[in-house]
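**Student:** Can you keep this structure in mind? I'll have questions shortly.
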Amino acid sequence: MPTVAEALRQFAPAYLQQHADSISVAEDKVLGAFTRCRTGALGGVHYQCGGCGSDHWVGRSCGNRHCPNCGHQRTQTWIETQAAKLMPVHHFLVTFTVPREIGLVLRVHQRDGYRCLFDASSQSIRDVGAATKSLKGCQLGFFGVLHTWGRDPAVYHPHVHYVVPGGGVKLDEHGHALSWQSTPKNFL
(Lines give C-alpha, C1' and ligand atoms only; values in the text may rest on other atoms or scores of the structure.)
Protein backbone atom coordinates (compact mmCIF):
# COMPACT_ATOMS: atom_id res chain seq x y z
CA MET A 1 0.00 0.00 0.00
CA PRO A 2 1.49 3.37 -0.95
CA THR A 3 2.15 5.92 1.76
CA VAL A 4 1.23 9.60 1.79
CA ALA A 5 4.93 10.42 1.33
CA GLU A 6 5.14 8.18 -1.76
CA ALA A 7 2.02 9.77 -3.23
CA LEU A 8 3.42 13.24 -2.58
CA ARG A 9 6.78 12.36 -4.12
CA GLN A 10 4.88 11.33 -7.24
CA PHE A 11 2.18 14.01 -7.45
CA ALA A 12 3.40 17.05 -5.47
CA PRO A 13 5.70 18.49 -8.18
CA ALA A 14 2.83 18.77 -10.70
CA TYR A 15 0.45 20.02 -8.01
CA LEU A 16 2.91 22.67 -6.84
CA GLN A 17 3.52 23.80 -10.40
CA GLN A 18 -0.22 24.04 -11.12
CA HIS A 19 -1.01 25.93 -7.87
CA ALA A 20 2.26 27.83 -7.39
CA ASP A 21 0.47 31.16 -6.92
CA SER A 22 -1.74 29.91 -4.09
CA ILE A 23 0.62 27.67 -2.06
CA SER A 24 1.76 29.31 1.17
CA VAL A 25 5.32 29.07 2.44
CA ALA A 26 4.09 26.90 5.34
CA GLU A 27 2.31 24.48 2.97
CA ASP A 28 5.39 24.28 0.75
CA LYS A 29 7.55 23.56 3.80
CA VAL A 30 5.25 20.73 4.97
CA LEU A 31 5.13 19.16 1.50
CA GLY A 32 8.92 19.36 1.28
CA ALA A 33 9.31 17.68 4.66
CA PHE A 34 6.92 14.85 3.67
CA THR A 35 8.71 14.15 0.41
CA ARG A 36 12.17 13.99 2.05
CA CYS A 37 11.07 11.99 5.12
CA ARG A 38 13.04 8.75 5.63
CA THR A 39 14.58 8.94 2.15
CA GLY A 40 18.11 9.81 3.24
CA ALA A 41 17.75 13.39 2.04
CA LEU A 42 17.70 14.42 5.72
CA GLY A 43 20.61 12.16 6.64
CA GLY A 44 20.46 8.75 8.20
CA VAL A 45 21.52 6.47 11.00
CA HIS A 46 23.67 3.38 10.57
CA TYR A 47 23.06 0.49 12.96
CA GLN A 48 25.14 -2.63 13.32
CA CYS A 49 24.02 -5.68 15.24
CA GLY A 50 26.51 -6.60 17.95
CA GLY A 51 25.55 -10.26 17.75
CA CYS A 52 25.59 -11.05 14.02
CA GLY A 53 27.31 -7.98 12.64
CA SER A 54 24.58 -7.22 10.08
CA ASP A 55 24.18 -3.59 9.00
CA HIS A 56 20.97 -1.62 8.88
CA TRP A 57 20.57 1.94 7.61
CA VAL A 58 17.53 4.11 8.40
CA GLY A 59 16.80 7.50 6.83
CA ARG A 60 16.03 10.26 9.32
CA SER A 61 12.43 11.29 9.71
CA CYS A 62 11.27 14.85 9.05
CA GLY A 63 9.72 15.22 12.50
CA ASN A 64 6.92 17.36 11.07
CA ARG A 65 3.75 17.22 13.17
CA HIS A 66 1.62 16.84 10.04
CA CYS A 67 3.57 13.83 8.77
CA PRO A 68 1.59 10.57 9.05
CA ASN A 69 4.81 8.67 9.84
CA CYS A 70 6.54 11.07 12.21
CA GLY A 71 3.55 12.69 13.80
CA HIS A 72 1.57 9.49 14.38
CA GLN A 73 2.52 8.93 18.03
CA ARG A 74 2.14 12.61 18.89
CA THR A 75 -1.21 12.62 17.09
CA GLN A 76 -2.38 9.57 19.06
CA THR A 77 -1.29 11.20 22.33
CA TRP A 78 -3.11 14.41 21.36
CA ILE A 79 -6.28 12.46 20.50
CA GLU A 80 -6.21 10.67 23.87
CA THR A 81 -5.71 13.98 25.69
CA GLN A 82 -8.62 15.59 23.83
CA ALA A 83 -10.87 12.54 24.34
CA ALA A 84 -10.26 12.79 28.09
CA LYS A 85 -11.64 16.35 27.95
CA LEU A 86 -14.92 15.28 26.33
CA MET A 87 -18.01 15.36 28.47
CA PRO A 88 -19.46 11.97 29.41
CA VAL A 89 -22.38 12.31 26.96
CA HIS A 90 -23.05 11.03 23.47
CA HIS A 91 -21.47 13.00 20.64
CA PHE A 92 -22.08 13.49 16.93
CA LEU A 93 -19.65 13.94 14.07
CA VAL A 94 -21.08 16.48 11.62
CA THR A 95 -19.30 17.28 8.35
CA PHE A 96 -19.85 20.31 6.14
CA THR A 97 -18.38 20.35 2.67
CA VAL A 98 -18.71 22.57 -0.38
CA PRO A 99 -19.43 21.88 -4.04
CA ARG A 100 -16.38 21.60 -6.30
CA GLU A 101 -17.12 24.99 -7.91
CA ILE A 102 -17.02 26.76 -4.53
CA GLY A 103 -13.93 24.76 -3.64
CA LEU A 104 -12.17 26.33 -6.61
CA VAL A 105 -12.95 29.78 -5.18
CA LEU A 106 -11.76 28.71 -1.71
CA ARG A 107 -8.47 27.50 -3.20
CA VAL A 108 -7.70 31.04 -4.38
CA HIS A 109 -9.19 32.91 -1.37
CA GLN A 110 -8.31 30.57 1.49
CA ARG A 111 -8.29 32.93 4.49
CA ASP A 112 -11.68 34.51 3.76
CA GLY A 113 -13.16 31.34 2.28
CA TYR A 114 -12.30 29.12 5.24
CA ARG A 115 -13.62 31.77 7.65
CA CYS A 116 -16.90 31.85 5.70
CA LEU A 117 -17.07 28.05 5.70
CA PHE A 118 -16.59 27.96 9.49
CA ASP A 119 -19.04 30.83 10.09
CA ALA A 120 -21.81 29.35 7.94
CA SER A 121 -21.41 25.78 9.18
CA SER A 122 -21.20 26.67 12.88
CA GLN A 123 -24.24 28.94 12.52
CA SER A 124 -26.11 26.02 10.94
CA ILE A 125 -25.40 23.88 14.01
CA ARG A 126 -26.60 26.68 16.31
CA ASP A 127 -29.74 27.15 14.15
CA VAL A 128 -30.60 23.44 14.37
CA GLY A 129 -30.10 23.56 18.14
CA ALA A 130 -32.30 26.66 18.48
CA ALA A 131 -35.06 25.02 16.43
CA THR A 132 -35.01 21.83 18.52
CA LYS A 133 -37.68 21.70 21.22
CA SER A 134 -35.46 19.86 23.75
CA LEU A 135 -32.72 22.50 23.38
CA LYS A 136 -34.79 25.70 23.75
CA GLY A 137 -32.88 28.16 25.91
CA CYS A 138 -29.70 26.08 25.78
CA GLN A 139 -26.14 27.01 24.88
CA LEU A 140 -24.48 24.50 22.55
CA GLY A 141 -20.78 23.74 22.57
CA PHE A 142 -18.82 22.10 19.74
CA PHE A 143 -15.53 22.27 17.91
CA GLY A 144 -14.55 21.94 14.27
CA VAL A 145 -11.48 20.88 12.32
CA LEU A 146 -10.76 22.02 8.77
CA HIS A 147 -9.53 19.46 6.25
CA THR A 148 -8.46 20.60 2.81
CA TRP A 149 -8.21 17.23 1.06
CA GLY A 150 -10.00 13.92 1.15
CA ARG A 151 -8.60 10.41 0.83
CA ASP A 152 -6.80 11.30 -2.38
CA PRO A 153 -4.04 13.80 -1.49
CA ALA A 154 -3.98 15.05 -5.08
CA VAL A 155 -7.58 16.31 -4.90
CA TYR A 156 -8.37 19.58 -3.11
CA HIS A 157 -11.54 19.01 -1.08
CA PRO A 158 -12.18 21.57 1.71
CA HIS A 159 -14.55 20.45 4.47
CA VAL A 160 -15.04 20.90 8.22
CA HIS A 161 -15.64 18.10 10.73
CA TYR A 162 -17.45 19.11 13.94
CA VAL A 163 -17.72 17.18 17.18
CA VAL A 164 -21.06 18.14 18.72
CA PRO A 165 -22.09 16.94 22.20
CA GLY A 166 -25.57 15.47 22.38
CA GLY A 167 -27.16 18.32 24.30
CA GLY A 168 -26.69 21.80 25.63
CA VAL A 169 -26.48 23.79 28.84
CA LYS A 170 -29.82 25.26 29.95
CA LEU A 171 -29.28 28.90 30.91
CA ASP A 172 -31.32 31.18 33.15
CA GLU A 173 -32.28 34.74 32.17
CA HIS A 174 -28.88 36.02 33.40
CA GLY A 175 -26.90 33.50 31.36
CA HIS A 176 -25.99 31.26 34.30
CA ALA A 177 -25.91 27.50 33.80
CA LEU A 178 -28.88 25.65 35.29
CA SER A 179 -28.66 22.10 33.96
CA TRP A 180 -27.66 19.83 31.10
CA GLN A 181 -30.35 19.10 28.50
CA SER A 182 -29.68 15.89 26.55
CA THR A 183 -30.78 15.27 23.00
CA PRO A 184 -32.02 11.97 21.64
CA LYS A 185 -29.24 9.69 20.31
CA ASN A 186 -30.61 10.21 16.79
CA PHE A 187 -30.61 14.04 17.08
CA LEU A 188 -28.08 14.60 14.30
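The values are calculated or read from the model by the stated rules, or taken from the named source; none is laboratory data. Since the structure is predicted, the reported quantities are computational estimates derived from the model, not experimental observations. Using ideal geometry, Cβ is built from the backbone for each residue, glycine included, and neighbour counts are taken over all protein chains shown. Side chains are part of the model used for accessible areas, which takes the heavy atoms of the whole protein and leaves out ligands, DNA and RNA. Shrake-Rupley method; radii C 1.70, N 1.55, O 1.52, S 1.80 Å.
**Student:** Work the Kirkwood hydrodynamic radius out for region 1-115: mean of 1/r over every pair of different alpha-carbon atoms, inverted, in Å.
**Tutor:** 17.8
**Student:** Within the chain, what is the number of lysine pairs with alpha carbons under 26 Å apart, leaving out pairs fewer than eight places apart on the same chain?
**Tutor:** Eligible lysine pairs with Cα atoms under 26 Å apart amount to 8.
**Student:** Here's a follow-up. Taking H placed 1.01 Å from N in the peptide plane, check which residues at least 5 places from residue 90 or on another chain put their amide H under 5 Å from its amide H.
**Tutor:** Under 5 Å from the amide H of residue 90: 166.
**Student:** Now for a separate question. In nm, what is the difference between 0.36 nm times the number of residues separating residue 173 and residue 77 and their Cα-Cα distance?
**Tutor:** 30.5 nm
**Student:** Pull out a ≥ b ≥ c, the square roots of the eigenvalues of the alpha-carbon gyration tensor of region 40-87, then state rounded if a/c is under 1.5, prolate if not and a/b is larger than b/c, and oblate in the remaining case.
**Tutor:** oblate
**Student:** Can you compute 3J(HN,Hα) from phi for each residue in region 47-54, using the Karplus curve 6.51 cos²θ - 1.76 cosθ + 1.60 with θ = phi - 60°, rounded to whole Hz and x for Gly and Pro?
**Tutor:** Once θ is set to phi - 60°, the couplings for region 47-54 become 10, 9, 6, x, x, 9, x, 6 Hz.
**Student:** Here is a follow-up. Carbon and sulfur atoms: what percent of the 1.4 Å accessible area of the chain do they account for?
**Tutor:** 58
**Student:** Same structure, new question: For residue 139, enumerate residues with amide H under 5 Å from its amide H, sequence gap 5+ or separate chain, H modeled in the peptide plane.
**Tutor:** 169, 170, 171
**Student:** Oh, and also: Starting from 0.36 nm per residue, how many nanometres of slack lie between residue 100 and residue 155 once their C-alpha separation is accounted for?
**Tutor:** 18.8 nm
**Student:** Same structure again: I need the calculated FRET efficiency for the pair residue 180 and residue 110, taking r as the beta carbon distance and R₀ as 30 Å, to the nearest 0.05.
**Tutor:** So, using R0 = 30 Å, E works out to roughly 0.20.
**Student:** Stick to the Cα atoms of region 77-159, pair each with every other, and give me the Kirkwood hydrodynamic radius in Å at one decimal.
**Tutor:** For region 77-159, inverting the mean 1/r across all distinct Cα pairs yields 15.0 Å.
**Student:** Would you list 29, 170, 133 from the most to the least accessible area, probe 1.4 Å?
**Tutor:** Most to least solvent-accessible, the answer reads 133, 29, 170.
**Student:** Related question: Helix check for the chain. Which DSSP H runs span at least 27 Å along their own axis by Cα, with a mean Kyte-Doolittle hydropathy no less than -1.0?
**Tutor:** Both cut-offs are met by 110-130.
**Student:** Spin-label point model (7 Å from Cα, Cβ direction): what's the residue 127 to residue 143 distance in nm?
**Tutor:** 2.6
**Student:** Tell me, in nm to one decimal, what length is gained between residue 58 and residue 14 on full extension, where the rule is 0.36 nm per residue of separation less the Cα-Cα distance?
**Tutor:** Extra length from residue 58 to residue 14 when fully extended: 13.0 nm.
**Student:** Let me ask something else. Write down the accessible area per residue of region 85-182 in Å², having rolled a 1.4 Å probe over the full set of protein chains.
**Tutor:** That works out to 64 Å² for each residue.
**Student:** Sequence-distant or interchain residues sharing an amide H contact under 5 Å with residue 157, placed H: which?
**Tutor:** For residue 157, the qualifying residues are 149, 150.
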